[in-house]
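Trainee: Take a look at this one; I'll ask things after.
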Amino acid sequence: MANKSIGLLTIAFGADLRGFDRAMKKAQRNINKFGTSLQRTGETLTRNITLPVIGLGAAAIKMASDFEETDAKFRTVFSSIEQQALATAKTFEKSFGLSSKAAKQMLGDTGDLLVGFGFTEQEALNLSKQVNELAVDLASFTNFSGGAEGASLALTKALLGERESVKSLGIAITEADLKKFAEDQGLVFKELDRVAKANLTFQLAAKQSSKAIGDYARTSGSFANQTRQLTAQFTNLAVEIGTMLLPVAQKILTWARDFLDNIRKMNPELKQNILNFTLLAAAIGPLLSISGSLLKTFSKLFSRSGLIVMGLAAIVAGFLYVRDNYEAFKERLSDWTWWRNTLVEAAADIVEILGGRFAQYLGLDDSIRDFKVDAPKYVHEFSSFADAIKN
């Protein structure tokens with residue numbers, strides 16, 4: 001009787017345990033399912049929102065940095081008449097649908113060359129304004145492939161004597177043409193200085209471009225000019241956002257410089273230990289990933305013990321590969337330039353993949369790649385991973 005009671009108790013207790021076990025497994029499956037869903041949501045948000053935002057932020061910072069340099073040059077070129085020059089640039093920007101950066105760059109570049117040619121800053125500003133207004137009209141009239149900036153450069157070169165480039169704008173000026181034009185105005189060409197010849201060249205160019213003058217105002221509603229205006233507005237917005245982000249970026253750069261400076265000041269033994277640890281940490285991830293992939297691939301073909309052996313073999317092969325290529329790893333992982341270029345290229349590829357044609361149209365990937373710097377030539381190259389497996 002006692003044995004029978006004990007048997008019933010055992011059966012009941014075992015049944016209860018099995019029920020508990022099933023409940024625990026169900027709870028575990030639900031938790032795993034929720035965790036997987038949460039992970040996928042996080043990956044989706046990261047891929048579709050976080051990474052594009054980072055890419056756009058980086059591009060905006062780059063554009064703001066470029067604008068800072070352009071603005072600094074513009075103010076330097078017209079330092080004695082800075083406020084007048086700023087007002088001229090603002091009017092030029094609004095009248096011809098340009099970005100603030102483009103307006104200052106065109107006026108500043110032309111003005112810089114003219115000042116170096118002998119013009120006063122006031123004379124350079126006046127002629128630069130006329131030259132660039134004509135450049136915008138010519139670019140609109142001829143649909144010049146180089147845009148207003150290219151037309152501006154061609155006209156500026158013509159003022160300085162390089163007249164071949166303006167032929168693409170429908171302007172042909174020879175030395176004989178200039179002499180004849182000077183005579184028509186009662187001037188002796190050989191007595192003119194460089195400043196007078198530059199002004200004379202512009203007057204003749206404007207005369208030959210009479211049909212183009214005012215073309216932008218007449219066709220500002222065209223699709224091409226509307227597209228240019230939209231691009232200019234987008235550039236201004238990007239510069240504004242980038243300007244807001246620049247202080248944060250500068251703090252990060254300052255921290256990075258201080259961090260690298262502190263590393264450089266460390267004693268050689270500590271540097272070597274940090275490098276060894278970094279190489280080991282960098283190798284663990286790929287090794288575990290390779291091992292996991294091998295285990296998954298052959299899980300249905302081999303026993304559990306066989307999978308363990310294969311996984312260990314993969315890890316050993318990976319460590320052998322790191323050992324055989326230690327100097328190559330050391331060269332690259334200890335070089336901040338390699339890290340920087342790798343991260344920048346990865347960010348550009350991600351933006352290019354996720355942004356598609358829109359990102360390519362805006363040049364976001366190229367803007368990010370502009371952050372890359374020249375890398376040194378590495379002495380040690382990586383050997384074949386097959387040799388590590390063979391060993």
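Trainee: With +1 on each Lys and Arg Cβ and -1 on each Asp and Glu Cβ, how big is the dipole of region 78-220 about its Cα centre, in debye rounded to the nearest 20?
Mentor: Details: 16 positive and 18 negative charges, 61 e Å.
With only Lys, Arg, Asp and Glu charged at Cβ, the dipole is about 300 debye.
Trainee: Please give the Cα centre distance for region 166-199 versus region 80-117, rounded to the nearest Å.
Mentor: Answer, in whole Å: 25.
Trainee: Now, a different point. Using a basic spin-label model with each label point 7 Å from the Cα along Cα→Cβ, how many nm lie between residue 168 and residue 237?
Mentor: For residue 168 paired with residue 237, the spin-label model returns 3.1 nm.
Trainee: Using 0.36 nm times the number of residues separating residue 272 and residue 76, minus their current alpha carbon distance, what extension gain do you get?
Mentor: Roughly 65.8 nm would be gained on extension.
Trainee: A further question on this structure: Per the Debye formula with a single identical scatterer at each Cα and no solvent contribution, what log10 I(q)/I(0) holds for region 78-220 at q = 0.16 Å⁻¹?
Mentor: Here log10 of I(q) over I(0) equals -0.81.
Trainee: Another one. Given R₀ = 22 Å, what would the calculated FRET efficiency be for residue 68 paired with residue 251, taking r from the Cβ atoms and rounding to 0.05?
Mentor: Numbers: r = 16 Å, r/R0 = 0.74.
Rounded to the nearest 0.05, the efficiency is 0.85.
Trainee: For region 177-267, what does the convex hull of the Cα positions come to per residue, in cubic angstrom? Walk me through the numbers before you get to the answer.
Mentor: Values: hull volume 20.5 nm³, N = 91.
Each residue corresponds to 225 Å³ of Cα convex hull volume.
Trainee: Based on the Cβ-Cβ distance of residue 340 and residue 190, what FRET efficiency does E = 1/(1 + (r/R0)^6) give at R0 = 35 Å, to the nearest 0.05?
Mentor: Here the calculated transfer efficiency is 0.05.
Trainee: Moving on to the next point. Taking region 115-193, how much of its Cα-Cα pair set, in percent, is spaced more than 22 angstrom apart? If you can, show how the numbers build up before the last one.
Mentor: Numbers: 989 of 3081 pairs.
Result: 32 percent of Cα pairs exceed 22 Å.
Trainee: Here is a follow-up. So between residue 374 and residue 30, what do we pick up on full extension, going 0.36 nm a residue minus the alpha carbon distance?
Mentor: Working: separation 344, 0.36 × 344 = 123.84 nm, distance 5.10 nm.
Separation in residues times 0.36 nm, less the Cα-Cα distance, equals 118.7 nm.
Trainee: Could you list 178, 114 in order of exposure, starting from the residue whose Cβ has the fewest other Cβ atoms within 10 Å?
Mentor: On the way: 178 18, 114 25.
With the sparsest Cβ surroundings first, the list reads 178, 114.
Trainee: Would you mind checking the pairs 90/180; 129/190; 167/372; 94/372; 101/179 and listing those with alpha carbons more than 29 angstrom apart?
Mentor: Values: 90/180 37 Å; 129/190 27 Å; 167/372 37 Å; 94/372 34 Å; 101/179 37 Å.
Among 90/180; 129/190; 167/372; 94/372; 101/179, the Cα-Cα distance tops 29 Å for 90/180; 167/372; 94/372; 101/179.
FYI, it's all coordinate maths here, none of it is from the lab. Since the model is a prediction, treat every value here as computed from it, not as a measurement. Positions of Cβ are generated from backbone atoms using ideal geometry, with glycine treated the same way; all protein chains shown enter the neighbour counts.
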